[in-house]
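So the structure is just underneath, and the comments pick up after that.
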Amino acid sequence: MSSGQLIEKIAAVFALVVLIGGSLLVLAPFTTALLWGAILAFSSWYPYTVLARWLGNRRSLRR
């Protein structure tokens, strides 16, 4: 492996780390809302499937 290829790989890994770190910094204020959304989606999934079965496997009240 030449030194040019090594530098390119290191730069790519560094860019990826910076992008992931920046994304986490942007999402950090919304962590609580994201967790609550996940909890509500998980806890309401079973009642949703029961209701859908009662409605004839429709996903909404409309026909």
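Coordinate-derived values only; no laboratory data. Owing to the predicted nature of the structure, the values given are computational and were not obtained by experimental measurement. Virtual Cβ from ideal backbone geometry, glycine too; neighbours counted across all protein chains shown.
Against the longest principal axis of the chain, how steep is helix 31-54, in degrees 0 to 90 to the nearest 10, with axes from Cα atoms? Around 40 degrees separate the two axes.
The length gained by stretching the chain between Leu25 and Ile7 to full extension, at 0.36 nm per residue less their Cα-Cα distance, is 3.8 nm. Between the helical axis of 3-27 and the dominant principal axis of the chain, each derived from Cα atoms, what acute angle in degrees is found, rounded to the nearest 10? Tilt relative to the chain: about 40 degrees.
What is the log10 of I(q)/I(0) for the chain, computed with the Debye formula using one identical point scatterer on each Cα and no solvent, at q = 0.20, 0.22 Å⁻¹? Evaluating at q = 0.20, 0.22 Å⁻¹ gives log10 I(q)/I(0) of -0.84, -0.90. Between Val17 and Leu61, the simple spin-label model (points 7 angstrom out along Cα→Cβ) gives 5.4 nm. Helical content of the chain, expressed as a calculated mean residue ellipticity at 222 nm, amounts to -27500 deg cm²/dmol (DSSP H runs of 4 or more residues, -39,500 (n - 2.57) each, divided by residue number, nearest 500).
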